[in-house]
Amino acid sequence: MFGRYFKAEERLKETMRKVLVVIDMQKDFIDGSLGTKEAQAIVGNVVKKIKTYDTKDVYATRDTHQENYLETSEGKKLPVEHCIEGTEGWELNAEVAAAIGDAVIVNKPTFGSIVLADLLQEENDREELEIELVGLCTDICVVSNALLLKAAMPEISISVDASCCAGVTPESHEAALTTMQMCQITVTNHGK
């Protein structure tokens, strides 16, 4: 009897639609105004990960600021112009852009995207999802979106691939991974 239950549960997991969310893999965060060697190092991993998904199951975000960025609350706390809409730094990394093809791209004016959470919640209402996140920065936008998604859909499986993420610093990357684990988000490939 229990064997049949576990087999049914396995089949249910197999039928869940798996989606990938690629967070802010933009030039300014990789090799631009806020770029780091850690961000540059994950580009290949992110591209490989994207290629394991059908582009209909890939969503990407772009941090999107305007010319008045330095006058905003964020700009006053982080006075480095970045991801100004229409600039080269705002664009997705060329390798990442090629890999995602015609995936859905959500422009977001702040760390977490309520629009993305609403979009994925609508998708989940139609067909149960399993969500995986990758991208930049682990300790700002990745953690913000992971927690928003978990709050919006507490019963679905949400994971973050640590080998496809980088933080502002290695220490803050680790702290964000710990925070997500404490909030029942699965962290995979940690330490790779």
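Kindly indicate whether Thr178 is in contact with a His (Cβ under 6 Å, 6 or more places away or on another chain) and modelled with pLDDT of 95 or more.
No.
Within region 82-116, can you find the residues that are of a type outside the set (Val, Ile, Thr) and over 22 Å from Ser33 (Cβ atoms)?
Correct list: Ala98, Ala99, Gly101, Asp102, Ala103, Leu116.
Considering only region 162-170, I want to know if a residue exists there that is of a type in the set (Gly, Ala, Ser) and without any contact (Cβ under 8 Å) to a residue 12 or more places away in the chain. Don't jump to the end; show me each part of the working.
In the first step, residues of region 162-170 are kept if they are of a type in the set (Gly, Ala, Ser); the result is 162-163, 166-167.
Then keep just the ones that are without any contact (Cβ under 8 Å) to a residue 12 or more places away in the chain; that gives none.
Taking every residue of region 162-170 in turn, none turns out to be of a type in the set (Gly, Ala, Ser) and without any contact (Cβ under 8 Å) to a residue 12 or more places away in the chain.
Can you tell me which residues in region 11-36 are modelled with pLDDT under 95, in a helix (DSSP H, G or I) and surrounded by 10 or more Cβ atoms within 10 Å (Cβ to Cβ)?
The initial filter retains those residues of region 11-36 that are modelled with pLDDT under 95, namely 11-16.
After this cut, where a residue has to be in a helix (DSSP H, G or I) as well, the list is 11-15.
Of everything in region 11-36, those that are modelled with pLDDT under 95, in a helix (DSSP H, G or I) and surrounded by 10 or more Cβ atoms within 10 Å (Cβ to Cβ) turn out to be Leu12, Lys13.
The values are calculated or read from the model by the stated rules, or taken from the named source; none is laboratory data. The structure presented is a predicted model; accordingly, all values stated were derived computationally and were not measured. Note: ideal-geometry Cβ built from the backbone for every residue, glycine included; neighbour counts use all protein chains shown.
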